[in-house]
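These notes are about the structure you will find just below.
The values are calculated or read from the model by the stated rules, or taken from the named source; none is laboratory data. Treat the numbers as computed from the prediction; the structure is a model and nothing was measured. Backbone-built Cβ (ideal geometry, glycine too); neighbour counts: all protein chains shown. These area figures cover heavy atoms from the full protein model, side chains too; ligands, DNA and RNA do not enter into them. Shrake-Rupley method; radii C 1.70, N 1.55, O 1.52, S 1.80 Å.
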Amino acid sequence: MVHRLDRPVGGAVVFAKTSKAAARLSNEIRLQNFDRQYHAVVENHLEQKKGTLTNHLFKDEKKNISKVVHKNHRGSKMAKLDYEMVAENNNYSLVKVKLHTGRSHQIRVQLSHFGHPLFGDQKYNKSAKVGQQIALYSTYLRIKHPTKDEYVEVFCKPPETFPWSDFDVSY
């Protein structure tokens with residue numbers, strides 16, 4: 001596996017067939033040539049429909065939880081993402097997210113800190129109910145093929161279950 005998703009998150013993932021291909025693909029990710037897009041269903045409506053979130057995150061390894069901290073906090077790492085609200089209904093918004101960094105639980109922590117926790121996220125959303133599936137999905141990947149001079153694009157739609165069924169997820 002070249003990259004990972006948090007355990008409760010679904011969607012597109014890249015695997016390499018050989019260790020050489022894995023090294024090349026990992027280098028593309030390190031150089032930030034790996035374009036990935038996520039969709040999330042968040043609580044409430046966003047006042048700013050589009051923007052960039054930049055925070056410093058610290059991961060508590062013992063509790064397996066990340067949190068937004070001051071930039072001078074020891075062990076913190078800068079996290080950056082772009083978001084755009086795509087649609088909204090009564091209580092939720094569909095948000096498209098593009099990562100610039102790949103920190104642990106980044107989308108979940110930053111959107112929750114921004115006041116818009118993910119539907120079903122029992123770790124970062126106090127109103128999530130036990131048994132709900134987190135509404136975060138890796139919907140698009142674009143990466144340079146490790147041996148050919150071409151790009152590979154992967155699209156993946158979320159399941160047609162609530163809350164996804166309330167929105168038309170397009171790329």
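Touching a residue at least 60 places away in the same chain (Cβ under 8 Å) and surrounded by 20 or more Cβ atoms within 10 Å (Cβ to Cβ): does that describe Leu118?
Numbers: touching a residue at least 60 places away in the same chain (Cβ under 8 Å): yes; surrounded by 20 or more Cβ atoms within 10 Å (Cβ to Cβ): yes.
Against the criterion (touching a residue at least 60 places away in the same chain (Cβ under 8 Å) and surrounded by 20 or more Cβ atoms within 10 Å (Cβ to Cβ)), Leu118 qualifies.
Might you let me know whether the range 22-35 holds any residue that is open to solvent by less than 40 Å² (accessible area, probe 1.4 Å), modelled with pLDDT under 95 and of a type outside the set (A, V, I, L, M, F, W, C)?
Among the residues of the range 22-35, at least one is open to solvent by less than 40 Å² (accessible area, probe 1.4 Å), modelled with pLDDT under 95 and of a type outside the set (A, V, I, L, M, F, W, C), which makes the answer yes.
Within the range 89-111, which residues are of a type outside the set (Lys, Arg), touching a residue at least 12 places away in the same chain (Cβ under 8 Å), more than 16 Å from Lys50 (Cα to Cα) and open to solvent by 20 Å² or more (accessible area, probe 1.4 Å)?
Asn89, Asn91, Gly102, Ser104
Out of the range 104-154, which residues are part of a loop (DSSP other than H, G, I, E, B), closer than 24 Å to Glu28 by Cβ, hydroxyl-bearing (Ser, Thr, Tyr) and in contact with an Asp or Glu (Cβ under 9 Å, 6 or more places away or on another chain)?
Kept after step one, since they are part of a loop (DSSP other than H, G, I, E, B), are these residues of the range 104-154: 104-105, 114-117, 119-135, 145-150.
Applying the additional criterion that residues be closer than 24 Å to Glu28 by Cβ yields 104-105, 145-150.
Then keep just the ones that are hydroxyl-bearing (Ser, Thr, Tyr); that gives 104, 147.
Matches in the range 104-154: Ser104 only.
Restricting attention to the range 66-84, which residues are open to solvent by 30 Å² or more (accessible area, probe 1.4 Å) and not small (Gly, Ala, Ser)? Step through it out loud before you land on a result.
Of the range 66-84, the ones open to solvent by 30 Å² or more (accessible area, probe 1.4 Å) are 67-68, 70-75, 77-78, 80, 82, 84.
Lys67, Val68, His70, Lys71, Asn72, His73, Arg74, Lys77, Met78, Lys80, Asp82, Glu84, listed by residue number.
Being among the acidic types (Asp, Glu) and within 19 Å of the chain's Cα centre (by Cα) narrows it down to one residue among Glu28, Glu61, Glu47; which is it? Spell out the reasoning first.
Details: Glu61 fails: within 19 Å of the chain's Cα centre (by Cα); Glu47 fails: within 19 Å of the chain's Cα centre (by Cα).
Every option except Glu28 fails the conditions.
Out of Lys49, Lys71, Lys77, which single residue is closer than 24 Å to Arg4 by Cβ and of a type in the set (D, E, K, R)? Give the derivation first.
Numbers: Lys49 fails: closer than 24 Å to Arg4 by Cβ; Lys71 fails: closer than 24 Å to Arg4 by Cβ.
After ruling out the rest, the residue left standing is Lys77.
All but one of (1) touching a Leu at 6+ places or on another chain (Cβ under 6 Å); (2) assigned to a strand (DSSP E or B); (3) among the small types (Gly, Ala, Ser) hold for Gly51; which doesn't?
Result: Gly51 passes all but (1).
Quick check on my filter: what residues within the range 6-21 are open to solvent by 40 Å² or more (accessible area, probe 1.4 Å) and under 14 Å from Glu153 (Cα atoms)?
So in the range 6-21, the residues open to solvent by 40 Å² or more (accessible area, probe 1.4 Å) come out as 7-8, 13, 15, 17-20.
Result: Val13, Phe15.
With respect to Val14, is the statement that it is closer than 22 Å to Ile134 by Cα and either free of Cβ contacts under 8 Å to residues at least 12 places away in the same chain or not in a strand (DSSP E or B) (or both) true? So that I can check it myself, show each step before the final result.
Numbers: closer than 22 Å to Ile134 by Cα: yes; either free of Cβ contacts under 8 Å to residues at least 12 places away in the same chain or not in a strand (DSSP E or B) (or both): yes.
Here the answer is yes, as Val14 does meet what is asked.
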